[in-house]
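Chemist: My questions will all concern the structure given below.
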Amino acid sequence: MYQIKTYNAIAPAGLNTFSAEYALNQSDQPDAYLIRSVNLHHETLPTSLKVIARAGAGVNNIPLDQATANGTAVFNTPGSNANAVKELIIGLLIVASRHLMAAASYSAKHTEADVSQRTEHDKTQFNGSELTGKTLAVIGLGHVGSLVANAALNLGMNVIGYDPYLSADAAWNIAKQVQRAATLTDAVKHADFVTVHVPKNPDTLNLLNAEAFAAMPAGVQLFNYSRLGIVDNTAALAAIAAHHIAHYYTDFGEPQLADNPDVTVTPHIGGSTLEAEVNGATQAARTIMTYLETGNVHAAINLPDLNVPFNAAYRFTIIHQNVPNMVSQITAKLAAANLNITTMANAAKHQTAYTIIDVDDLQQPQHAQLIDELTKIPAVIRVRLLQQD
Ligand SMILES: NC(=O)C1=CN([C@@H]2O[C@H](COP(=O)(O)OP(=O)(O)OC[C@H]3O[C@@H](n4cnc5c(N)ncnc54)[C@H](O)[C@@H]3O)[C@@H](O)[C@H]2O)C=CC1
Ligand SMILES: O=C(O)CCC(=O)C(=O)O
C-alpha cells in the first residue's frame, strides 16, 4: 500500500484517480505529498517521502534543494490551470477598460427610486474604452502567457511578448502575430496593459520594478497573477501615487496594498475553477502513481526525464549526484550479486542524476542487502526496488 499525504483542498475527482493500492492521510511516513500552495519551506521532509506533486504551476512553496538531497522527486502539473488564469486576465482587461469596479460601486451607493435620471447624468464618468487596437505586453509566454497573448489577439489587441527563455515547444503555441520584444523595456514601452506570467525565482524577484514602470507609458494598467514579489509593490504604489500606473490588479495581497482605490486585490483565485482544480489534482495523482510504480520521470522539476518501459520482474531506481564513475560502481554491485541487467538507462539534470536498472532473476533474500549496498555508494541519494505485480 502506498501512503499519500494531502495538503490544501484537493479536488475529489483527483483523489478518486488513485487505485486501491493507495491510502490517503493514514500515515506519518508518506510515500508522496499531493499539495497546492502549502508552504513547505519550514518543514523537514520525511525520509519516506519519494515524491511531491504540486497540483498547479508554481513550485516556489517547495524546498527544492532539501527535496533533492532527500531523494524526493518534485513535479508540478504544467498547464493544468492555465486556461483558468487566461480567462481571469481577459475578464480583468474588460473590467479595467470599462471601469467596472468603480461603476458597480457607484450603483451600490445610489439605489434611490428615481436613480435613472441621476445615472444618465453621472454615467459619463465611467465611460470606458475598447480593447480592440490597444496594446498588451505579456511578460512570460509559457502555459498561461501564451494563452493570454493569443486570446488578446483574438480581441483585436496588439500583443507584444517578452520571454528570453521561451522553449521551442512553447513557441509553437504562440500566434505569429504576437510581436517578440528583445528586452523588457521594449515590451512595455507602448503598452496600455502589462501582464506578467513568470515563475517566482531569484531572477524574477522585482522583475517589474521602478525602472520598468518608468519605461511604461503613463496611464498603464498592471496585472500580477504570477506571485507576490515579482512586482515590486512599493515601487508600484509610488507609480500609482504619481498617476503613472492607473490601476494595479493582483492575486497576491499584502498590507501595503490595502484600501487603495487604484489597486484591486483578488485572493489567489487565478487557478480556482472547478475545471482547473480537477485537471491539476488528476494530473498530480497520475504523476504520483507513475513515479511510485515505475520510477519513470517526465518533466520533473529536479530530476531528468527517464522513461523506460517496465517489462522486467524488478527495477532498481537510483537517484545520485551527477559525478563520474557512478554507473560502474552501481553495476559492479549488481555483478557481484550475480545479477544480469536486462535494461539500463541513466540521465542527468544539473547536479543530479538518475539511473534505472531492470533485472529478472532477483531472489527475495538479496533485496535488503542490495538496497543497502547500493545506498552506501558515496553520492547515492536514494535507492528504490520496484517489483512487477
Ligand atoms: N494566480 C494563480 O492562481 C496562478 C499563478 N500561476 C503563476 O504563474 C506562473 C506562470 O505559470 P505558467 O505559465 O503555467 O508557467 P510556465 O512555466 O509554463 O511559463 C513560465 C514562462 O516564464 C518564462 N520566464 C521565466 N523567467 C522569465 C523572465 N525573467 N522574463 C520573462 N519570461 C520569463 C519562462 O521561459 C516560461 O516560458 C507560475 O509559475 C505561477 O507562479 C500559475 C497558475 C495559477
Ligand atoms: O489554486 C492553486 O492551488 C494555486 C494556483 C497557482 O498559484 C499555481 O498553479 O501556481
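Chemist: For Ile160, state whether it is β-branched (Val, Ile, Thr), within 16 Å of ligand 2 (Cβ to nearest atom) and at pLDDT 95 or above.
Modeler: Considered against the rule, which asks whether it is β-branched (Val, Ile, Thr), within 16 Å of ligand 2 (Cβ to nearest atom) and at pLDDT 95 or above, Ile160 comes out as no.
Chemist: Give the residues of segment 367-389 that are out of contact with any strand residue (DSSP E or B) (no Cβ under 7 Å at 6 or more places or on another chain) and either of a type outside the set (A, V, I, L, M) or assigned to a helix (DSSP H, G or I) (or both), sorted by residue number.
Modeler: The answer is Ala368, Gln369, Leu370, Asp372, Glu373, Lys376, Pro378, Gln388, Asp389.
Chemist: So, one more: If a residue has to be touching a residue at least 40 places away in the same chain (Cβ under 8 Å) and out of contact with any helix residue (DSSP H, G or I) (no Cβ under 6 Å at 6 or more places or on another chain) to count, how many in segment 195-222 make the cut?
Modeler: 7
Chemist: Sticking with this one: Could you tell me whether segment 351-370 includes any residue that is in contact with a Lys or Arg (Cβ under 6 Å, 6 or more places away or on another chain) and among the acidic types (Asp, Glu)?
Modeler: Yes, the conditions are met somewhere in segment 351-370.
Chemist: To continue, here is another question. Working only within segment 68-83, note down all residues that are in contact with a strand residue (DSSP E or B) (Cβ under 6 Å, 6 or more places away or on another chain) and within 14 Å of ligand 1 (Cβ to nearest atom).
Modeler: Within segment 68-83, Val74, Phe75, Asn76 meet the criteria.
Chemist: Next question. Quick one: Thr290 ticks every box in (1) assigned by TED's automatic domain parsing to the domain that holds Leu34; (2) free of Cβ contacts under 8 Å to residues at least 40 places away in the same chain; (3) in contact with a Ser or Thr (Cβ under 7 Å, 6 or more places away or on another chain) bar one, so which box is it?
Modeler: (3)
Chemist: May I pose another question? Where the second residue is among the polar types (S, T, N, Q) and within 16 Å of ligand 1 (Cβ to nearest atom) and the first is closer than 17 Å to Asn322 by Cα and lies in segment 63-83, which pairs have Cβ atoms under 6 Å and are six or more apart or on separate chains?
Modeler: What qualifies is Leu64/Asn302; Thr68/Asn302.
Chemist: For segment 100-155, which helices (runs of 4 or more DSSP H) that fit wholly inside it have 3 or more residues that are assigned by TED's automatic domain parsing to the domain that holds Tyr249 and among the aliphatic types (A, V, I, L, M)?
Modeler: 100-109, 143-154
Chemist: Looking only at segment 169-206, filter to residues that are in a helix (DSSP H, G or I) and within 11 Å of ligand 1 (Cβ to nearest atom); which one of those is farthest from Ile90 (Cα to Cα)?
Modeler: Asp169
The values are calculated or read from the model by the stated rules, or taken from the named source; none is laboratory data. Since this is a predicted model, take the numbers as computed values, not measurements. Please note: Cβ atoms are built from the backbone with ideal geometry, for glycine as well, and neighbour counts cover all protein chains shown.
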